[in-house]
Amino acid sequence: MPLIVQKYGGTSVGDLERIANVARKVAARKDEGNEIVVVVSAMAGETDRLLDLAKKIHPVPNEREVDVLVSTGEQVTVALLAITLESMGYKAKSYCGWQIPLQTDSSFGAARVTDVKKEAVLADLRNGTIVIVAGFQGIDADGNITTLGRGGSDTSAVAVAAGLKADRCEIFTDVDGVYTTDPNITSKARKIKAIAYEEMLEMASLGAKVLYIRAVEFAMRHRVPVVVRSSFNDNDGTLLTEENPEMEKESVSAVTCNMKEAKITLSGVADQPGVASQIFAPLAAANIVVDMIIQNSSADGKADLTFTVPEADLTKALEICRDIKNRLGASDLVGCNDIAKVSIIGLGMRSHAGVASTMFTALADEGINIQMISTSEIKISCVIQKKYAELAVRTLHDTFGLEKSRS
Ligand code: ADP
Ligand code: ASP
Ligand code: MG
């Protein structure tokens, strides 16, 4: 019997009516003669609500306890979906992460999956039960509840699919698939039929939250067949695939935008060996991921360093940087979250010249100032002021002709 893992995100299980809709979709697949594991997120808005409660008590709440708190969101949904399926006459059983167990490391709030035990789930599947797994959560080697990072239910689904060697992993969400850019920003966005793991990885890491980056990493490493599609209609979705030569034809295949980063500038530090490591080592030790870095050196032997961190880590990063500023005798420290990072992505950029200058000219023509730039073989990112983010996305989408690109 084919084994299918389906994942439904927060909007898809946002209220009881939508949970009933999910139950009907799951039941239909079961009736077709499949074994089904369903992974669900918390109901839309619930994770934010829980995080806000903790932050009302303390700006940087204890990380272990935050995971205990936010994991409850998914626990509610698994039970509600199991109750719904049971009431429709199906055998269904919910699992929290620790009951599988889905084993992770101990990085609270950003834990990595290390192992998915399959015995209990397989035994249930073999006796005809629909297994419903709480996304986003796991358990570490000491028995602590952990969570996998915002959007992490996608990772749970792919990890469970890999662990159970499922035939397919279907990610159901509130859009029809992966588009050339966020379809909620421009109606000109086009659905992509098939996308290479590598391209999807870049899109996810640059702000296309339709799939969480670690889920893509996991799918790529374990070659899990993943399809992204809508929970509200039966349209074909987007398939994650190996690279194919077609994909190299276009220089740019997608535009993304990340509004969830912040910028820190540390001015007047000594321009000498070892300074950068004294700044970035303590941030890394605190599990803060630094993204773009720019250093400007001046004639007086001093340097200014500007770098970006996730907006959610800005308070913690500034606390650490205040210590660093005192230790290094820096002249100034400024944090700013009024930024957005817009990026263009494409496997074809490897072989097309002039893409960067086209991007910069398009932004300049709209009067958008570029604060920071970073490039790789298959992407170019620019940090700009937040209020220009959507204009920049629409402009770049038009400039690179994505409305007409592969779909
Ligand atoms: P879920 O709750 O189902 O996990 P998410 O909100 O995490 O859903 O992801 C779906 C959202 O991703 C869409 O509503 C859309 O606004 C956004 N998105 C951003 N970039 C893209 C893209 N390139 N293609 C499709 N959706 C995108
Ligand atoms: N509920 C979690 C979040 O909102 C995980 C997820 O939805 O994927 O980030
Ligand atoms: Mg998501």
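The values are calculated or read from the model by the stated rules, or taken from the named source; none is laboratory data. The model shown is predicted, which means the values in this text are computed figures rather than measured ones. Cβ placement follows ideal geometry from the backbone for every residue including glycine, while neighbour counts extend to all protein chains displayed. All accessible areas refer to the heavy atoms of the entire protein, side chains included, with ligands and DNA or RNA removed. Shrake-Rupley method; radii C 1.70, N 1.55, O 1.52, S 1.80 Å.
Within the option set Glu248, Glu261, being acidic (Asp, Glu), modelled with pLDDT of 95 or more and over 30 Å from Asp115 (Cβ atoms) holds for one residue only, Glu261. Scanning the stretch 1-17 for residues that are without any contact (Cβ under 8 Å) to a residue 60 or more places away in the chain and more than 11 Å from ligand 1 (Cβ to nearest atom) gives Met1, Asp15, Glu17. Could you check, for the stretch 188-196, whether at least one of its residues is buried (at least 24 other Cβ atoms within 10 Å of the Cβ), in contact with a Leu (Cβ under 8 Å, 6 or more places away or on another chain) and over 30 Å from Ala23 (Cα atoms)? No, the stretch 188-196 has no match at all.
Kindly establish whether Val26 is within 24 Å of Gln137 (Cα to Cα), within 16 Å of ligand 2 (Cβ to nearest atom) and either without any contact (Cβ under 8 Å) to a residue 24 or more places away in the chain or of a type in the set (A, V, I, L, M, F, W, C) (or both). No. Selection of the stretch 356-377 for residues being farther than 20 Å from Arg190 by Cα and among the hydrophobic types (A, V, I, L, M, F, W, C) yields Ala356, Phe360, Ala362, Leu363, Ala364, Ile368, Ile370, Met372, Ile373. Residues that are part of a loop (DSSP other than H, G, I, E, B) and either of a type in the set (Asp, Glu) or open to solvent by 10 Å² or more (accessible area, probe 1.4 Å) (or both) were ranked within the stretch 146-158; the one that is nearest to ligand 3 (Cβ to nearest atom) is Gly151. For the stretch 207-222, a residue qualifies if it is open to solvent by less than 40 Å² (accessible area, probe 1.4 Å) and in contact with a helix residue (DSSP H, G or I) (Cβ under 9 Å, 6 or more places away or on another chain), and the qualifying residues are Ala208, Val210, Leu211, Ala215, Val216, Phe218, Ala219. Confirm whether Gly207 is under 14 Å from the mean Cα position of the chain (by Cα), more than 18 Å from Tyr8 (Cα to Cα) and within 15 Å of ligand 2 (Cβ to nearest atom). Yes: the conditions hold for Gly207. Could you list, in sequence order, the residues of the stretch 159-181 that are hydrophobic (A, V, I, L, M, F, W, C) and either open to solvent by 10 Å² or more (accessible area, probe 1.4 Å) or assigned to a loop (DSSP other than H, G, I, E, B) (or both)? Matches in the stretch 159-181: Ala162, Leu164, Ala166, Val175, Val178.
Summed over the stretch 1-25, the residues that are outside any helix (DSSP H, G or I) and within 28 Å of Gly45 (Cα to Cα) give a count of 9.
If the condition is being within 16 Å of Ile4 (Cβ to Cβ) and within 16 Å of ligand 3 (Cβ to nearest atom), then the stretch 120-134 contributes only Val133.
Assuming Leu396 fulfils every condition listed in (1) touching an Asp or Glu at 6+ places or on another chain (Cβ under 7 Å); (2) under 27 Å from Asn184 (Cβ atoms) apart from one, which condition is it? Condition not satisfied by Leu396: (1).
The listed residues are Val22, Val13, Val5, and the only one of them that is in contact with a Phe, Trp or Tyr (Cβ under 7 Å, 6 or more places away or on another chain) and open to solvent by less than 40 Å² (accessible area, probe 1.4 Å) turns out to be Val22.
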